[in-house]
There are 2 protein chains.
Amino acid sequence: MRIEVLILLVLLSSLNAFAQSIQSPDGKLSLSFGLTANGEPTHQLSYRGKPVLQKSKLGIELKDQPGFSKGFTLLKTDTSQKDETWKPVWGEVNQIRNHYKELTVTLQQPAHKNRRMIIRFRLFNHGLGFRYEVPEQTDLKYFIVSDERTEFNLTGDHKTFWIPGDYDTNEYIYSTTKLSEIDATSGKAAQEIAFKTPIAANAVQTPLMMKTSDGLYINIHEAALVNYPAMNLMANKQTFSLSSHLVPDAVGNKAYLQAPAQTPWRTIVVSDKAADILTSRLILNLSEPSKIRDVSWIKPQKYVGIWWEMHVGTASWNYSDVGNIKLAETDWASLKPNGKHGATTANTKRYIDFAAQHGFDGVLVEGWNVGWEDWFGNWKEEVFDFVTPYPDFNVTELQQHASAKRVKLIMHHETSASVTNYERRIDEAINFMKQHGYDSVKTGYVGKIIPRGEHHDGQWMVNHYVRVAEKLAQNRIMLDAHEPVRPTGLHRTYPNWLACEAARGNEFNAWSTGNPPEHETILPFTRLMGGPMDYTPGIFQIKRDYYQPGKKEQVHTTLAKQLALYVTMYSPLQMAADLPGNYERFMDAFQFIKDVAVDWDDTRILEAEPGDYITVARKAKNKDEWYIGAITDEQARTANIPLTSLTLKRSYVATLYTDAANAHWENNPMAYQIQRFLVNDQTRLKVALASGGGAAISLRPASKEDMKKLQRYETSR
Amino acid sequence: MRIEVLILLVLLSSLNAFAQSIQSPDGKLSLSFGLTANGEPTHQLSYRGKPVLQKSKLGIELKDQPGFSKGFTLLKTDTSQKDETWKPVWGEVNQIRNHYKELTVTLQQPAHKNRRMIIRFRLFNHGLGFRYEVPEQTDLKYFIVSDERTEFNLTGDHKTFWIPGDYDTNEYIYSTTKLSEIDATSGKAAQEIAFKTPIAANAVQTPLMMKTSDGLYINIHEAALVNYPAMNLMANKQTFSLSSHLVPDAVGNKAYLQAPAQTPWRTIVVSDKAADILTSRLILNLSEPSKIRDVSWIKPQKYVGIWWEMHVGTASWNYSDVGNIKLAETDWASLKPNGKHGATTANTKRYIDFAAQHGFDGVLVEGWNVGWEDWFGNWKEEVFDFVTPYPDFNVTELQQHASAKRVKLIMHHETSASVTNYERRIDEAINFMKQHGYDSVKTGYVGKIIPRGEHHDGQWMVNHYVRVAEKLAQNRIMLDAHEPVRPTGLHRTYPNWLACEAARGNEFNAWSTGNPPEHETILPFTRLMGGPMDYTPGIFQIKRDYYQPGKKEQVHTTLAKQLALYVTMYSPLQMAADLPGNYERFMDAFQFIKDVAVDWDDTRILEAEPGDYITVARKAKNKDEWYIGAITDEQARTANIPLTSLTLKRSYVATLYTDAANAHWENNPMAYQIQRFLVNDQTRLKVALASGGGAAISLRPASKEDMKKLQRYETSR
């Protein structure tokens, strides 16, 4: 053979073997794509020249036909780049840069009629996103995904912050272990979760947060989860490899697709700085732009609600204690009220008045509608009708009262996971909302899904959540979804979808072993990577024995940390979750909640370590105000809060809400202090955080009066 | 022990062993109930003193708890009787007698907290109905039925007319074998049914028709199937016992119930006369009375439709031949029409004009709405939207044209078995109907059910069909359901529910091996026991090679038998199913279809033998007209039609539409003759029926002119 031909052949085969590489815009991340000798697609990712993902396979398996996982040849590659900025409707920042290099590989299977699949990679400065695409083609129209073969082959036994993989719930307590020590059966209060479908001992969910022994931070999740099931990860504890595991449907299939089709983006955020994980906008950048043209009706908001009193047991959702009702056959007026119903006309008026007095936008009322007597745990299909109030809840009177006070009532649609029922009734429910002045709804999915056999995180339910968001958007209604699949950036596409729960929220502290002090230092690195969380912070009455002597439950933070959460747990929808009476006992501390913004021009992560501490500063949208939150886990520590990076152009009054010297989340959680100082761009605050503690700071421009009266903050403090 | 105590104990134990007996009002049927030594409920049924059902066990099994099948004691028994008459909104007769003796046994399980179950028996002159009831009680609220233990222990190897048990379809050809020869795998063209879920080789469906060697006719079915899955029967071919087998849901459970609850009625119709099986009103009498108060808008009707031309391949449902569409993303106006679309404005006008000219109430149009390009076999959820017409179907123009001609367009909602999609869209679909003047809809459920894992005949779908009937009733819309579970008398409760398909209809003759000549002599004894069938008779162009030379398919009857079916196949909704052009070729024969009524004052079964022949006479409602239909299987025979039982009070003109002398369903199916005679209450007609043939006869009062012109029928003919 002639040498030129030989060289050409070698080049061609290496082309096939290792087809393409791209770098991130700043050159730190490097992605390579290639095919193995068996035509299996692989990729690998390096950061500053060192591997983050070793060669990891890619692909999809199909039911009853050959899969898209091997036997590929490379048909063509394309590279491109993008650098643009866009403005979110609301967010942690008011402008986002979308800057990436893109590699698209078109693969073909000669043995299967030249079927084609595309893998699209987008490499950002702080991470990678990639997805599978099945283009329109002659020999493939409808197909069923039986599995996905995405591997993340990690380079070591990384420290991992994880919750068990599960088809139905994400309300677990986080475990922090080495990859090799992952054991989803290890307990951690899993029995407190009523409805769960754990997968296996080595299964974990995403977002998954890791830290290597070299101090590199890695976060794996997905973006734009639509028309596909959620991805869990199976950990190989010897090889430190993670493999995708999709949530099945009622008959064991994973996804029903029709070409042209694409999967969600699989995302890997990487940095040697923890703060960069939190400020990465990769997942938003990979999500589709807003489908809502006129967004003028979408408003970040703060709300109170008839809710916590049910969780601490001083009120009930249900009107009567009859154990067994049939929705269409019950004469509600004839039932004997139990005298503990939370959602009464009188109580709702109290909350409306409180909200109006203190500048809150909305009042959530749970338990307003018939059906709560036997809603829980019966797998009941005809459970709620979403339009019939209890006899003691006067819809029209409250509509007028709220309107007169310029407060919005927030609708509640607990579906009890009977989703076929909800979908049948939602048009009527929306009409009811519009007739009565509601423009926001909190939905819930507590229970086992109907259609029976489906899962909260399967394709059918993923499509349901999106259908609801779309239908509400058409009707100019905002959404807060509880117990859905964890979010993946869709709040960019549907900006009326303000928040989700989709993790273990503050409510668990009311009636279970609760959330450990480190919980809120992990959530931003995990759950919040995909979207805002309605965490419902702001509980001042920390211990439950206040209501029922002898009860052991409590919130596992100090009061000051509860304030800080309004800044560290980003959400455009924030609840002041406690009872008005408890706020009235501590009105000086409550002032922070009244002041704090829910929409931002800018966000700075001043210091952060997953599982340990976070200090965040945010500038209120269109206002010359900053808010700072610092939290710690069970370890007391000093928060370092240099104001130098906040571009302060003048003097500000800083109001510091901090733990008292002897505060402690368990022993003395409600001890706090409030101090006020003058600060400027040179100020370096140092604040002592108690065990399970925090600090909340508001900054507003100093007036001439302030300049005279207040002391300047001395750094030596 | 003292002798009195001993006697008492013996009496008590025999009381327990064989608690109660009742007789039918005429004393011919006898039912006994008892408990076995293990506390298992049993019943046995005798006719004229001979057993029909030997001691047969009863009961229900529950999931995750002890069942309701043994360990019972008898708490109490009650007997009562009822004798009333009621008027159906429409029917084979205008008045129905409900006359029965009732036995109710209340059973208790001491070993399980005295849980209670009731079995209610109603014994009519021609049969038995019984059901299980679970009353409201402290220790049982929600429960899951895992199985039913109803046995029908027959007394011999009866001749049985059966189709295979199946969770999803009832479109099988009937087999006629001994019980011991039942083999559901034996073929009979099952592969022609696209979507089926056969159960087992020994499984059969209901209604099940049997004839003993003594000439006793027995029919087993159910009445009032609501909120429960359908019952199939498993045949024990050694003991001749049938056991209930319920259709499972997606996760393998059978029914989700909440006390107080009841099952459907299990029905056994018994007589030594085949005609009594057909005239039994037991299933209607066991169904709940009409829930619709104002029924003035409900009208039996005759219709034509753009339908058969698609089945014989001269037109298509789909507008274009694009193989793969996405409902929400397709620009329909840009698709290339295939030039064969049936549902065009022009073609629909043609049918409207034809209907108006010949006195038909309605015109069904299939294929009017977008989505037909890939509706079949893709298990596609977002398949139809029910409101978007194809570009060549002008809804408004046709609305006006139909209105001007005083003809109603009949809406078509083929769901493709994507039921979650239909339930989401049905409100919008109904609004569309009302906006455009539609007051009837034909639904279809062709395909695999979504929610995936559910079955056409499971509890969830049973509830769906009823939800649809209820919702349509609230909107004053009539319903014809195709591919649902077979009916069980619910057309009494929802009289807007005019008909179902739910069996192998005339359409199978267009594109498969078709329906053998005996098919229509079996259906009234099986499928029609539960309710009317939209069989779509009236095909004049019998053989398909008329359309495509070389094609072998044909209707397996003579033309005259097609006319007779309008009388022998009872339905308040009847289609003249052929193309107008074919009727125009045989307008003299078409006259019968134009004349025949669809609602009746009275019905007489003049002669009948399942699988062989049926001759029926019916009196048109509120008219002095009678219509007679006689059909036979592949055996040519003479129909004996004595008019003596028809209470004719005068002379009538009888128009006889009969097979020509040389007619034969296969060799010469379209040869017919029409004769007209004077008849009266002494006339005994004898009509020769060809192989696969029939005769249709209309009777109207003779005018003076008729009396002069026409010959009187001579019985010797």
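The values are calculated or read from the model by the stated rules, or taken from the named source; none is laboratory data. Predicted, not measured: the structure shown is a model, and the values here were computed from it. Methodologically, a virtual Cβ is constructed for each residue, glycine included, from the backbone with ideal geometry; neighbour enumeration extends over all protein chains shown. Protein only, heavy atoms only, side chains kept; ligands, DNA and RNA dropped before computing areas. Shrake-Rupley method; radii C 1.70, N 1.55, O 1.52, S 1.80 Å.
Treating only the Cβ atoms of Lys and Arg (+1) and Asp and Glu (-1) as charged, compute the dipole magnitude of chain B about its Cα centre; round to the nearest 20 debye.
1900
With each pseudo-label sitting 7 Å past Cα toward Cβ, what's the B:GLN435-B:GLN81 distance in nm, one decimal?
That separation, rounded to one decimal, is 5.9 nm.
Taking N as the number of residues in segment B:446-488, what is its Cα Rg relative to 2.2 N^0.38 Å?
Ratio of Cα Rg to 2.2 N^0.38 Å: 1.20.
If r is the Cβ-Cβ distance from A:ASP427 to A:PHE376 and R0 is 25 Å, what FRET efficiency results, to the nearest 0.05?
Step by step, r from the Cβ atoms, then E = 0.45.
In nm, give the distance between the simple-model label positions of A:LYS326 and B:GLU666, each being 7 Å from the Cα along the Cα-to-Cβ direction.
5.4
What does the net charge come to around A:THR443 if you take all other residues with beta carbon closer than 14 Å to its beta carbon, with K and R at +1 and D and E at -1?
In short, -4.
When you have a sec, figure out the Kirkwood radius of segment B:534-580 from all distinct Cα pair distances and drop it here in Å to one decimal?
Every distinct Cα pair counted, the radius reaches 11.4 Å.
Regarding segment B:576-667, what whole-number volume in Å³ per residue does the convex hull of its Cα atoms give?
Numbers: hull volume 12.7 nm³, N = 92.
Hull volume over Cα atoms, normalised by residue count, gives 138 Å³.
Using Cα atoms only, what is the angle between the long axis of helix A:419-435 and the major principal axis of chain A, expressed in degrees (0 to 90) to the nearest 10?
The angle comes out at about 50 degrees.
If you count, for every residue in A:255-265, the Cβ atoms of partner chains within 10 Å of its Cβ, what is the mean? Show your work: numbers first, answer last.
Numbers: counts 0, 6, 0, 7, 1, 3, 1, 0, 0, 0, 0.
Partner-chain Cβ atoms within 10 Å, mean over residues of A:255-265: 2.
Let's see if you can work this out: charge +1 on each Lys and Arg Cβ, -1 on each Asp and Glu Cβ, no other charges. What is the dipole magnitude of the protein assembly as shown about its Cα centre, in debye to the nearest 20?
Working: 162 positive and 162 negative charges, 171 e Å.
Magnitude of the dipole: close to 820 debye.
Could you work out [θ]222 nm for the protein assembly as shown from helices alone, using -39500 (n - 2.57) per DSSP H run of at least four and dividing by all its residues? Round to the nearest 500 deg cm²/dmol.
-5000 deg cm²/dmol
Given a cut-off of 17 Å, what percent of all Cα-Cα pairs of segment A:479-549 lie beyond it?
The share of Cα pairs beyond 17 Å in segment A:479-549 comes to 47 percent.
Please give, to one decimal in nm, the separation of the simple spin-label points placed at A:ARG467 and A:SER186, each 7 Å out from Cα toward the Cβ.
4.0
Hey, could you pull the Cα Rg and Dmax for segment A:134-252, both in Å?
Taking only Cα atoms of segment A:134-252, I get Rg and Dmax of 15.7, 52 Å.
Return one number: the angle in degrees, 0 to 90 and rounded to the nearest 10, between the long axis of the Cα atoms of helix A:559-568 and the longest principal axis of the Cα atoms of chain A.
Compared with the principal axis, the helix lies near 40 degrees.
For A:ILE674 and A:ASP272, calculate 0.36 nm times their separation in residues minus their Cα-Cα distance, and state this gained length in nm to one decimal.
Stretched fully, the A:ILE674-A:ASP272 segment lengthens by 141.2 nm.
Would you mind giving the average projected area, over all directions, of the Cα convex hull of chain A in nm² with one decimal?
33.4
How large is the translational diffusion coefficient of the protein assembly as shown in µm² per second when you combine the Kirkwood radius over alpha carbon pairs with Stokes-Einstein at 4 °C and 1.567 mPa s?
Rounded, D is 36 µm²/s.
Give the aspartates and glutamates reachable from A:LYS28 as a straight Cα distance under 19 Å; neighbours fewer than 8 places away on the same chain don't count.
A:LYS28 reaches A:ASP83, A:GLU102, A:ASP214, A:ASP272, A:ASP276.
For B:THR79, A:THR150, give me the order by solvent-accessible area with a 1.4 Å probe, most accessible first, ignoring ligands, DNA and RNA.
Listed by decreasing accessible area, they come as B:THR79, A:THR150.
Enumerate the amide H contacts of A:THR150 below 5 Å, restricted to partners 5 or more residues apart or on another chain; note that Pro and chain-start residues carry no placed amide H.
A:GLY59, A:SER244
At q = 0.12, 0.17, 0.18 Å⁻¹, what is the log10 ratio I(q)/I(0) for segment A:44-163, with the Debye formula run over Cα points and no solvent?
Each listed q corresponds, in turn, to -0.62, -1.03, -1.09.
Quick one: grab Rg to one decimal and Dmax as a whole number for segment A:188-234, Cα atoms only, in Å.
Calculated on Cα positions, Rg and Dmax stand at 13.8, 39 Å.
Could you tell me the calculated FRET efficiency between A:THR138 and B:ASP353, based on Cβ-Cβ distance and R0 = 51 angstrom, to the nearest 0.05?
Calculated transfer efficiency: 0.75.
Would you work out the charge dipole size for segment A:425-475 about its Cα centre, treating the Cβ of every Lys and Arg as +1 and the Cβ of every Asp and Glu as -1, and quote it to the nearest 20 debye?
120
State which entries of B:LYS349/B:LYS471; A:LYS113/A:LYS141; A:LYS70/B:LYS326; A:LYS57/B:LYS380; A:LYS82/A:LYS619; A:LYS101/B:LYS326 exceed 24 angstrom in Cα-Cα distance in the structure shown.
Table pairs above 24 Å Cα-Cα are B:LYS349/B:LYS471; A:LYS70/B:LYS326; A:LYS57/B:LYS380; A:LYS82/A:LYS619; A:LYS101/B:LYS326.
What's the average, rounded to a whole number, of partner chain beta-carbon atoms within 10 Å of each residue's beta-carbon in A:246-253?
Average neighbour count from other chains, rounded to a whole number: 3.
Using only the alpha-carbon atoms, how far is helix A:459-474 inclined from the longest principal axis of chain A? Give it as 0 to 90 degrees, nearest 10.
Helix A:459-474 sits at roughly 60 degrees to that axis.
Computed FRET efficiency, Cβ-Cβ of A:ASN38 and B:THR513, R0 30 Å: what is it to the nearest 0.05?
Given R0 = 30 Å and the Cβ-Cβ separation, E is 0.05.
Three principal axis extents, largest first, for the C-alpha atoms of segment A:2-286, in Å?
Computed over the Cα atoms, the extents are 69, 45, 43 Å.
Counting only other chains, what is the mean number of Cβ atoms within 10 angstrom of the Cβ of each residue in peptide B:603-612?
What the average comes to for B:603-612 is 0.
Please report, to two decimal places, log10 I(q)/I(0) for segment A:370-464 at q = 0.12, 0.17, 0.23, 0.25 Å⁻¹ as given by the Debye formula with identical point scatterers on the Cα atoms and no solvent.
Each listed q corresponds, in turn, to -0.42, -0.78, -1.18, -1.31.
To the nearest whole percent, what portion of all C-alpha pairs in segment A:224-304 is separated by more than 16 angstrom?
Roughly 73 percent, rounded to a whole number.
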